[in-house]
Amino acid sequence: MKITQLSVFLENRRGRLYDAARVLGEASVNIKALTIAENEEFGILRMVVDKPEKALELLKKNGFVASITDIVAVEVSDRPGGLAVILKILDDNGINLEYMYAFVEKNADNAIVVFRFDDPDRAIEVLSKNRVRVFGKKDIQG
């Protein structure tokens, strides 16, 4: 139940994020979630899109350095401490979390959070055993 994430290297200069968004928009690729980690010289744009392989090809054709990685999207109770419940399950089972970000859409009264793990298969197994809903590609990417 892994989903696909697109990571794009962006030089830290005016218009570069726009260029990436324009390329995807013109090709009808829908961005479902995103985050940017940056420093003074460059940033890494991480996105969940509805057509990751198409997006990767388009971005590379337009001069972007991009890659695809597996991530896990889970349902988190949208209340104080909801995220802590999930993080405790992961911590109690020795699952290493590399980074995370929130998802654009909500699922009923719950939030959707994207996680990047060093061992996504083990994380999915542990979360599922603890009755945490893990979303599949069809749920998130269409």
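Coordinate-derived values only; no laboratory data. None of these values were measured; they are calculated from a predicted model. Note: ideal-geometry Cβ built from the backbone for every residue, glycine included; neighbour counts use all protein chains shown.
In terms of overall dimensions, region 72-141 has a Cα radius of gyration and Dmax of 11.2, 30 angstrom. When you count the other C-beta atoms within 10 angstrom of each residue and take the mean per peptide, 47-59, 16-28 line up highest first as 47-59, 16-28. A Förster radius of 25 Å combined with the Cβ-Cβ distance from Ser77 to Glu98 puts the calculated FRET efficiency at roughly 0.65. Could you sort out which of Lys61/Lys137; Lys61/Lys138; Lys2/Lys51; Lys88/Lys138; Lys2/Lys129 sit more than 19 Å apart by Cα distance in this structure? In this structure, Lys61/Lys137; Lys61/Lys138; Lys88/Lys138 exceed 19 Å between Cα atoms. For the pair Lys88 and Asp119, the difference between a 0.36 nm per residue extended length and the Cα-Cα distance amounts to 9.5 nm.
FRET efficiency for the Asn62 to Lys137 pair, using the beta carbon distance and R₀ = 25 Å, is estimated at 0.50.
Our note on the geometry: Cα centres of region 14-73 and region 113-142, 22 Å apart.
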